[in-house]
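The values are calculated or read from the model by the stated rules, or taken from the named source; none is laboratory data. Predicted model, so just to flag it, every value in this text is computed and none were measured. Note: ideal-geometry Cβ built from the backbone for every residue, glycine included; neighbour counts use all protein chains shown. These accessible areas exclude ligands, DNA and RNA; they are computed on the full protein's heavy atoms, side chains included. Shrake-Rupley method; radii C 1.70, N 1.55, O 1.52, S 1.80 Å.
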Amino acid sequence: MTRYMRALVAGRAGEPGDVLRVESRPVPTAGAGQALVRVEATPVHASDLHVLRGRYGFSPGFPAVGGYMECVGRVEAIGTGTEGLRIGERVVYVAIPAVPGPQVDGTWQEHLVADAHRLLPVPGKLSDSDACQLAVNPLTALLLVTRELDVQPGEWLLQTAAGSTVGRLVIQLARHLGIRTINVVRRRDAVEEIRALGGDEVICTEDEDLVRRVAEIAGPAGVHKATDCVAGEVGAQVSRALAPGGVTVVYGALSTHRQTDPAALTIPVSARSVIYETKVVRGFWLNRWFGTASPAEVLDALCEVRSLVVGGVLSIPPGRPFPLERFAEAVSFAEAPAHGAKPLLVFEDGRDGRDGRD
């Protein structure tokens, strides 16, 4: 007797609405050092959609189950030699593929097999919405502030896309650590919201000059550390705004969203500032961090994020649940401007693990 499950599968690269289909597949079996997880909720990230379009930093082999970031579920079975997990235990699956590294199972399915070292136990007090969003945005915020830039208490941190999920988490973490933030937003109506969240200073590029405002705020000492998720001309202005020796870490390119022209995928940084002011612009990609960090470093960072979220230091915006059959709505919602919530694909207990004949 074979058990079957539903999975959201892309048959080829292309627009998600065109290539995704719900399929029935056999429930997989956990091997040595692995666990079978019954998925309860999994987010739809914009990066998941770019993977399906073939416009991300890696490409799965098609046909492929979608979802390459994270989910929450419960351990249903344990493979031979698997240690540290219990049947029924609630876990977050960190599905982010390491680059370089092997491919991993997508999360947009009712059951999946995961290596035990990619499963992080989470307490019942953490909602499904919080738990299934634990491993990407909060981890990115933590790594940018404390590892990539090592921002110290009292220092200024300049960041673009302050209203994004990562931007909001950076503000919360900075307040906890005693770091002062200068937050860049595009719209004037976002300024007070960022101040209310705890942003020390806010610059609106709609009607303010970024470089001049940073100089006014920071004074002669200047700002030495910045994160950028916009790229393009705004990213270049961030670099120009930094003091000599300043470092900008670029972790996204919102200004190039849906762009296909290679000329648009740039940050026009001045050669003079790189040479004479020894400024640095470098990238950060979570997948490559997973490919280079040691297992101990990964576990330490994930446990720190879990503590920050459980302890209320970091607040993850509630997601909006969508049953799997309504995946097209979830995809559209993920790309809607200012949607304010992450779409979550959710699986009802009574719908998964159905039995069927070969």
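Short-range pairs are left out: with C-alpha atoms under 8 Å and at least six residues apart, the relative contact order of the chain is 19 percent. Residue separation of Arg282 and Asp150 scaled by 0.36 nm, minus their Cα-Cα distance, works out to 46.1 nm of gained length. If R0 is 41 Å, what FRET efficiency do you get for Arg187 and Thr80 from their C-beta distance, rounded to 0.05? According to the calculation, E is roughly 0.15.
Please say if the stretch 24-121 is rounded, prolate or oblate, where rounded means a/c under 1.5 for a ≥ b ≥ c the square roots of the C-alpha gyration tensor eigenvalues, and otherwise the choice is prolate for a/b larger than b/c and oblate otherwise? It comes out prolate by the Cα gyration axes. Over the residues of the chain, the helix contribution to mean residue ellipticity at 222 nm works out to -7500 deg cm²/dmol, using -39500 (n - 2.57) for each DSSP H run of at least 4.
Per residue, the chain exposes 44 Å² of solvent-accessible protein surface, assessed with a 1.4 angstrom probe and all protein chains in place. Counting only DSSP beta bridges whose two residues both lie in the chain, roughly 60 percent are antiparallel. With the Cα gyration tensor of the stretch 148-292 giving a ≥ b ≥ c as the square roots of its eigenvalues, does the rule (a/c under 1.5 for rounded; else a/b larger than b/c for prolate; else oblate) give rounded, prolate or oblate? Rounded shape, in that the Cα axes give a/c under 1.5.
The alpha-carbon of Lys125 sits under 25 angstrom from the alpha-carbons of these lysines, leaving out residues fewer than 8 places away in its chain: Lys342. Placing +1 on the Cβ of every Lys and Arg and -1 on the Cβ of every Asp and Glu, with no other charges, gives the chain a dipole of roughly 240 debye about its Cα centre. Across the stretch 68-203, the relative contact order, built from alpha-carbon pairs under 8 Å that are at least six residues apart, equals 18 percent.
Based on C-alpha pairs under 8 angstrom that are at least 6 apart in sequence, the stretch 3-48 has a relative contact order of 31 percent. Here the stretch 32-146 is treated with +1 on each Lys and Arg Cβ and -1 on each Asp and Glu Cβ, and its dipole about the Cα centre works out to around 140 debye. Across the chain, the convex hull enclosing all Cα atoms gives 138 Å³ per residue. How would you classify the stretch 236-347 from its alpha-carbon gyration tensor, with a ≥ b ≥ c the square roots of the eigenvalues: rounded for a/c under 1.5, else prolate if a/b is greater than b/c, otherwise oblate? Taking the square roots of the gyration eigenvalues as a ≥ b ≥ c, the stretch 236-347 is oblate. Placing +1 on the Cβ of every Lys and Arg and -1 on the Cβ of every Asp and Glu, with nothing else charged, gives the stretch 99-229 a dipole about its Cα centre of roughly 240 debye.
Highest mean first, the peptides 148-154, 292-298 sorted by other C-beta atoms within 10 Å per residue fall in the order 148-154, 292-298.
To the nearest ten degrees, helix 295-310 and the longest principal axis of the Cα atoms of the chain are 80 degrees apart.
Proximity of backbone amide H atoms, modeled 1.01 Å from N, is registered between Leu265 and no other residue at under 5 Å, excluding neighbours fewer than 5 places apart on the same chain. Ordering 22-28, 225-231 by mean Cβ neighbour count within 10 Å, with the highest value first, yields 225-231, 22-28. The listed peptides 38-44, 162-168, 58-64, ordered by packing as a protection proxy, come out as 38-44, 162-168, 58-64 (highest mean of other Cβ atoms within 10 Å first). Sparsely packed loop sites in the stretch 205-311 (the chymotrypsin sites (Phe, Trp or Tyr not before Pro) outside DSSP H, G, I, E and B with at most 13 other Cβ atoms within 10 Å) comprise Tyr276.
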